[in-house]
Amino acid sequence: MTEQSASPHAPFFRSFPFGRTTLRNRIVMAPMTRNRSPGGIPGQDVADYYRRRAQGGVGLIVTEGTYIDHPAANGYANVPAFFGEAALAGWARVVEAVHDAGACIVPQLWHVGAIRRPGAEPDRSVPGVGPMTVVDNGVTVVEALDDAEIAEIVASYARAAADARRIGFDGVEIHGAHEYLIDQFLWDTTNRRTDAYGGNIANRTRLASEIVRAVKRATSIDFPVMFRFSQWKIRDYDARIAHSPADLEQILLPLVEAGVDIFHVSTRRYLDPAFPGSPDSLAVWTRRLSGKPVVCVGSVALNKAYAIAQLRGAEDPSAELADLDPVENQLRREEVDLVALGRPLLADPDWPSKVRENRLAEIRAFDRDAMLTSV
């Protein structure tokens with residue numbers, strides 16, 4: 001009997017094929033912005049941070065969002081870039097550290113789009129960009145992208161993916177969630193365009209599909225492309241890009257055709273029903289409709305959902321370990337393929353090892369100190 005099958009939590013600890021390699025288990029470290037990369041350069045402390053989660057036993061790490069080579073791609077202080085010699089050298093150190101500890105790793109390629117405002121790093125004079133122009137008090141704070149500018153952004157994603165492959169990453173994840181650029185095009189509230197990138201669902205999905213296709217062409221067929229999407233937004237937890245399974249299918253199938261290998265389905269509570277009339281979650285629906293493997297995420301191992309108010313200090317973030325039976329049952333039934341954890345791995349990097357050994361009582365609870373950790 002193998003160590004994995006001997007565990008009472010065996011569904012977490014089956015291997016999973018991942019491009020040219022194999023994940024040692026089904027546990028994924030979810031992407032979480034840490035603001036620990038001054039000047040956009042991930043340093044040795046960032047490598048140590050990811051190494052620690054790999055040593056704790058995760059199978060796959062999805063890095064924090066790392067912004068692509070475009071003047072308006074970033075909107076926050078001290079987040080890492082994914083272009084330039086220094087930043088890529090820093091990421092190469094991260095890759096080496098994670099691989100040495102036995103895990104696989106992909107970067108989350110990111111463009112914040114209209115979330116950006118003038119005054120943000122690195123060039124404070126640059127406004128945000130997005131599907132629509134936004135004017136605030138007579139000042140243009142977001143500029144609508146034209147076709148040529150969209151093509152430049154697509155090309156930047158492709159360059160980033162090629163660089164990821166070159167420096168040793170095991171795949172890439174495209175950030176299409178949470179009201180950032182790609183999601184702004186997917187969502188009909190932020191996309192009121194009347195051209196080929198707006199209007200019906202097929203047109204609103206066009207940018208995402210073009211990015212995926214360009215990334216796939218810039219890498220190889222055996223280099224996994226993950227696509228993260230969500231219904232919820234930073235500023236609207238009740239938002240929807242898909243109001244029915246039919247809507248969802250219209251989003252997913254063009255992305256599959258473009259080359260998505262795995263969908264990372266971001267929810268705030270992974271078991272919540274996605275649509276009226278069915279108990280199935282968004283991840284379960286995504287697997288069924290796309291035919292592709294899925295990562296589920298969202299309060300998988302904690303008894304409280306994440307909220308921006310917790311980060312801002314307006315709400316206590318403390319949470320305890322939740323019952324693992326429901327997600328283990330989803331894995332057993334092959335309704336989901338991989339399970340992503342964020343906050344639990346901030347609180348306790350050894351979460352996978354402790355679960356494998358059934359030492360649940362030893363798992364450290366999540367609290368504000370864990371939320372702000374840099375180690």
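The values are calculated or read from the model by the stated rules, or taken from the named source; none is laboratory data. Since this is a predicted model, take the numbers as computed values, not measurements. Cβ coordinates were reconstructed from backbone atoms using ideal geometry, including for glycine residues, and neighbour counts include every protein chain displayed.
Can you say whether T205 is surrounded by 17 or more Cβ atoms within 10 Å (Cβ to Cβ), of a type outside the set (F, W, Y) and farther than 30 Å from A92 by Cβ, as far as the supplied structure shows? Working first, answer last.
Working: surrounded by 17 or more Cβ atoms within 10 Å (Cβ to Cβ): yes; of a type outside the set (F, W, Y): yes; farther than 30 Å from A92 by Cβ: yes.
Judged against the criteria, T205 is a match.
Select from the range 356-375 the residues that are within 15 Å of A10 (Cβ to Cβ) and out of contact with any helix residue (DSSP H, G or I) (no Cβ under 6 Å at 6 or more places or on another chain) and list them in ascending order. Step through it out loud before you land on a result.
Going through the range 356-375, the residues within 15 Å of A10 (Cβ to Cβ) turn out to be 356-358, 360.
Those that are within 15 Å of A10 (Cβ to Cβ) and out of contact with any helix residue (DSSP H, G or I) (no Cβ under 6 Å at 6 or more places or on another chain): E357, N358, L360.
Which one of these is assigned to a strand (DSSP E or B), of a type in the set (S, T, Y) and surrounded by fewer than 19 Cβ atoms within 10 Å (Cβ to Cβ): T194, T140? Step through it out loud before you land on a result.
Working: T194 fails: assigned to a strand (DSSP E or B).
On inspection, the qualifying residue turns out to be T140.
Looking at the range 145-158, can you tell me whether even one residue there is in contact (Cβ under 8 Å) with a residue 12 or more places away in the chain, in contact with a Ser or Thr (Cβ under 9 Å, 6 or more places away or on another chain) and surrounded by fewer than 24 Cβ atoms within 10 Å (Cβ to Cβ)?
Yes; the residues of the range 145-158 include at least one that is in contact (Cβ under 8 Å) with a residue 12 or more places away in the chain, in contact with a Ser or Thr (Cβ under 9 Å, 6 or more places away or on another chain) and surrounded by fewer than 24 Cβ atoms within 10 Å (Cβ to Cβ).
Give A322, A301 a once-over and let me know the one that is farther than 23 Å from E64 by Cβ, touching a strand residue (DSSP E or B) at 6+ places or on another chain (Cβ under 7 Å) and surrounded by 15 or more Cβ atoms within 10 Å (Cβ to Cβ). Let's see the steps before the verdict.
On the way: A301 fails: farther than 23 Å from E64 by Cβ.
Checking each option against the conditions leaves just A322.
Take A208 and tell me if it is closer than 23 Å to R268 by Cα and in a loop (DSSP other than H, G, I, E, B). If you could, list the steps in order and put the result at the bottom.
Working: closer than 23 Å to R268 by Cα: yes; in a loop (DSSP other than H, G, I, E, B): no.
Here the answer is no, as A208 does not meet what is asked.
Hand me the list of helices (runs of 4 or more DSSP H) wholly inside the range 260-375 holding 2 or more residues that are modelled with pLDDT of 95 or more and either touching a Pro at 6+ places or on another chain (Cβ under 6 Å) or among the small types (G, A, S) (or both).
Values: elements: 282-290, 308-311, 325-332, 343-347, 351-356, 368-371.
Because the criterion is at least 2 residues that are modelled with pLDDT of 95 or more and either touching a Pro at 6+ places or on another chain (Cβ under 6 Å) or among the small types (G, A, S) (or both), the helices (runs of 4 or more DSSP H) in the range 260-375 that meet it are 282-290, 325-332, 351-356.
Applying the selection to the range 65-74, what residues are under 22 Å from G43 (Cα atoms) and buried (at least 24 other Cβ atoms within 10 Å of the Cβ)?
Within the range 65-74, G65, T66, Y67, I68, A73, N74 meet the criteria.
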